[in-house]
Amino acid sequence: MDKNGSSYGESSSDDVEAPLLLPAVRAGMAKGDHRPAAARVRALLAHKYPAIAAGPAACAAVCAVVDLGDGHGEARNMLGVLAWVFLWWVTGAVPLAVASMAPLFLFPAFGVSSSDAVAKAYMDDVISLVLGSFILALAIEHYHIHRRLALNVLSLFCGDPVRPSLLLLGITGTTMFVSMWIHNTACTVMMMPVATGILQRFPRGGGDGAGGGQEVRRFSKAVVLGVVYASAIGGMATLTGTGVNIILVGMWSSYFPERKPITFSSWMSFGLPMALILFFALWLTLCLMYCSNNTAKALSSYLDRNHLRRELSLLGPMAFAEKMVLAVFGGLIVLWMTRNLTDNIPGWGVLFHNKVGDGTVTIMMATLLFIIPSRKREGEKLMDWNKCKKIQWNIILLLGAGFAIADGFNTSGLTDILSDGLRFLKGAPTLVIVPVACVFSGIMTEFTSDDSTTTLVLPLFAELAKSIEVHPALLMVSSAIGAQLSYLLPTGSPSNVVGFSTGYITIKDLVATGLPLKIVAIAALTVLLPPLGSVIFGMDIKS
């Protein structure tokens, strides 16, 4: 008997029903609810069982209906598995991390690849790079280094009196810089409280008379939109800024091991110019759309440089722990940038026969955080594993799923079949191929996550590049950049959700600001990729 007077054995029959019906539904039925069928439907929807069933149902339908010809059974099965995983990603039927682990049992079960082969895709040098970067980002967040940096830059750009355009430049510039070194979602989560902390000095419902309230509301929109878009733009500049670039590097080395590898420094040579063009386009767009001649006057009543300096003084002087985290982080950036320099000037990687990757040094430098003392408490190090509980394992597993899917495309022969259907693009000029690939990914990424879009389209474009005989960077880099242009809808990326959840912006604001940025990005990519690609990725000019 339990403490309520009922035996464990007697309650077992109720436990069988518990997963299907919510407590309120069971209570209602006990009181004589005359709509048990409707209640069961509501319970099923609450538990997302239709969405869960949609994955295996789509897989079964593909395997039963799709006919890819004799000898292509594995390719058909791969297409079915892809439908299963894709639906779970899109509908959120199960957590993202769980959906990303599905290839671990689906690929062996459907004969796509062996369990050992698919498991190896979930840990390689690229994923080590992400894991180490997450640990460093958590250290920066734990010691409030990002906040100190933001307040210093904001106090510098605030102006006396307030200059809205310079203040926006400071906020967006700080966000972009931080996002270059940590994942753009983490950057948005860290920087949004800084931005909204400034906005909390403004009256939420508007200012006092003469249109001042409207000016304040418009500037508040600009600040939130600036953080959201600057974090996405900054992530484009470096390999560590977003999972999309990591997936690109991993698939590049998998599909084209004979090609010139994409390193941290080589990608930054391309990504930074793209990011700078987009950043200035963002700043000009925000200034033109959300600032007017009266904005400075409206803001001056609520915001001044003294407020920012007071917040900065509350943080106190920089402690030993903060200095050491910055030293480790700065050392890692130097190692990233100098591992490989040029063909004539080798980097330090040659000392280790070029067997050391970016992930190797990232994990090494992250390990130092668990060794260097913090000098705060006896025996305490800069980091311990309890502080690492916030690591975004869902992103790491999603990356692993992406690499597994890329391998599955190859081993099953599905890429050959898909690329055969796109051979009509052979001979198209560069000025057509680049924007088409970018727009294709740019549309998909508005409805799925950036990483999911990249995972799905890169294998297709890798094989397409082989079939139409163009340099793979032309298609793969274009589609990777397009996947990062999720600027129009809240569902496009977690950063959009963070900004949308503040209540300062609407979908209309996202579309009005994001659409011009998207157009600028496609145009800039079309112009920059051919000349820079010939130097950085070894592309032929004629391709």
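Structure summary
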read-out	value
Carbon and sulfur %, accessible surface of the chain computed with the full protein complex present, 1.4 Å	64
Largest-first principal axis extents, alpha carbons of region 50-114, Å	36, 25, 13
Segment residue 307-residue 114, extension gain: residue separation times 0.36 nm, minus the distance between their alpha carbons	63.4 nm
Alpha carbon Rg of region 85-223, scaled by the compact-globule rule 2.2 N^0.38 Å	1.53
Read-out Cα extents along the principal axes in Å, derived from the coordinates shown; its label in [x] 76, 71, 56; [y] 94, 52, 35; [z] 68, 64, 51	[x]
Protection proxy ranking of 283-289, 61-67 - average other beta-carbon atoms within 10 Å, highest first	283-289, 61-67
Cross-link pairs 355/426; 120/376; 387/508; 120/355 - those with Cα-Cα distance over 29 Å	355/426; 120/376; 387/508
Karplus 3J(HN,Hα) series, Hz, for region 286-300 with 6.51 cos²θ - 1.76 cosθ + 1.60 (x for Gly, Pro)	5, 5, 6, 8, 10, 10, 9, 5, 9, 5, 4, 5, 5, 7, 4
Under-5 Å amide H pairs with residue 381, H placed in peptide plane, nonlocal only	374
Using a Förster distance of 22 Å, the FRET efficiency for residue 416-residue 125 (Cβ separation, nearest 0.05)	0.20
Computed over the chain: relative contact order in percent, which uses C-alpha pairs under 8 Å that are six or more apart	18
Estimated FRET transfer efficiency (residue 371, residue 156; beta-carbon r; R0 51 Å; 0.05)	0.90
Cα-based reach from residue 297 at 26 Å (exclusive), listing lysines while leaving out same-chain residues under 8 positions away	221
Cα→Cβ-extended label distance, 7 Å offset, between residue 323 and residue 63, nm	6.2
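The values are calculated or read from the model by the stated rules, or taken from the named source; none is laboratory data. The structure presented is a predicted model; accordingly, all values stated were derived computationally and were not measured. Don't worry about glycine lacking a Cβ; one is built from the backbone with ideal geometry, like all the others, and counts go over all protein chains shown. In case anyone asks, the SASA skips ligands and DNA or RNA and just uses the protein heavy atoms, side chains included. Shrake-Rupley method; radii C 1.70, N 1.55, O 1.52, S 1.80 Å.
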